[in-house]
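The structure under discussion appears below in the form of structure tokens.
The values are calculated or read from the model by the stated rules, or taken from the named source; none is laboratory data. Treat the numbers as computed from the prediction; the structure is a model and nothing was measured. Quick reminder, even Gly has a Cβ in these numbers, built from the backbone with ideal geometry, and neighbours come from all protein chains shown.
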Amino acid sequence: MDEQRKTEERRSFVFLTVVMAPVLTVMVVSGYGFAVWIYQLLAGPPTGG
Amino acid sequence: MHSLIDLLKRYWRTIRRPSVYYSLGFLTVGGFIAGILFWGGFNTLLEATNTQTFCTGCHEMHDNVYQELRATIHYTNRSGVRAKCPDCHVPHKWTNKIARKMQASKEVWGKVFGSIDTREKFLEKRKELAAREWARLKANDSLECRNCHEFDYMDFTRQSKRASEAHSTSLERGEKTCIDCHKGIAHRLPELTPEGRPVGG
């Protein structure tokens, strides 16, 4: 039983699911929002069609 | 410093190789559940920023536009239907909604630096703020009005003569849209001096 490896695997899993994935998702979604905003600045407000 | 790099290297290795102590089932289901919790929380937070309580949480909105709205038919009426801030001012489609939420970063900026933190500043800016919303509603063919007011469901016989004339001609042909005539219905119109400058400026 490699206790250190087990600890590292547990911490890695928690970090990936609780910190990294949510932070990345929020960054991608807000980046998308900003991109659409900048597009709307150039192309005018959405037409809603 | 060296030990930090060693630590990162060790964890990078752990992340890249198969787990020895945690089963594939646990990792997959665990990740899946975490995803559900995240998305639920994300949407809850998004909706929390889409409430009247949130919108009128700052005095800029509460003391100016909100007080004006309260006297209008969209807020106080016999039928108990109420149009709240986001019903008209936040797009309902997801993409446009997220874009609008990002635009709100500019409003946070304005809040921090006090762009309209006094009544005088608000009155001075009212024309610019109103013009932006008019342009938006003009471009999307008054989408936020039409979310509730369906043209096809309108009974012209129950409208005033003037209203049914306008609705059955210009509006029906798509030459005009709601906002072209219905300005200043939820908030006061910008007041203009005879020279065309905003009053109070």
Residue that is nearest to B:GLN103 (Cα to Cα), among those in the range A:32-49 that are of a type in the set (Ser, Thr, Tyr) and loosely packed, with under 13 Cβ neighbours inside 10 Å
A:TYR39
Of the residues in the range B:101-121, those that are more than 19 Å from the chain's Cα centre (by Cα) and among the hydrophobic types (A, V, I, L, M, F, W, C) come to B:VAL112, B:PHE113
Output the residues belonging to the range B:135-181 that are touching a residue at least 40 places away in the same chain (Cβ under 8 Å) and away from chain A (no Cβ under 14 Å).
B:CYS148, B:ASP180
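Results for (1) modelled with pLDDT under 95; (2) in contact with a strand residue (DSSP E or B) (Cβ under 7 Å, 6 or more places away or on another chain); (3) within 14 Å of chain A (Cβ to nearest Cβ), shown as yes or no for each residue.
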site: B:MET102; (1), (2), (3): no, no, yes
site: B:LYS111; (1), (2), (3): yes, no, no
site: B:SER115; (1), (2), (3): yes, no, no
site: B:GLU124; (1), (2), (3): yes, yes, no
site: B:LEU129; (1), (2), (3): yes, no, no
Only listed residue being at pLDDT 95 or above, over 18 Å from B:ILE15 (Cβ atoms) and either surrounded by fewer than 14 Cβ atoms within 10 Å (Cβ to Cβ) or at the interface with chain B (Cβ under 7 Å from one of its Cβ atoms) (or both), chosen from A:VAL14, A:VAL29, A:VAL23
A:VAL29
Quick one: which residue in B:LEU45, B:LEU8, B:LEU37, B:LEU27 is surrounded by 15 or more Cβ atoms within 10 Å (Cβ to Cβ), assigned to a helix (DSSP H, G or I) and not assigned by TED's automatic domain parsing to the domain that holds B:HIS149?
B:LEU27
May I ask you to say which residue of B:TYR66, B:TYR75 is of a type outside the set (D, E, K, R), assigned to a helix (DSSP H, G or I) and surrounded by 11 or more Cβ atoms within 10 Å (Cβ to Cβ)?
B:TYR66
Matching residues in the range B:117-169 - criterion: being small (Gly, Ala, Ser) and assigned to a helix (DSSP H, G or I)
B:ALA130, B:ALA131, B:ALA135, B:ALA139, B:ALA163, B:SER164, B:ALA166, B:SER168
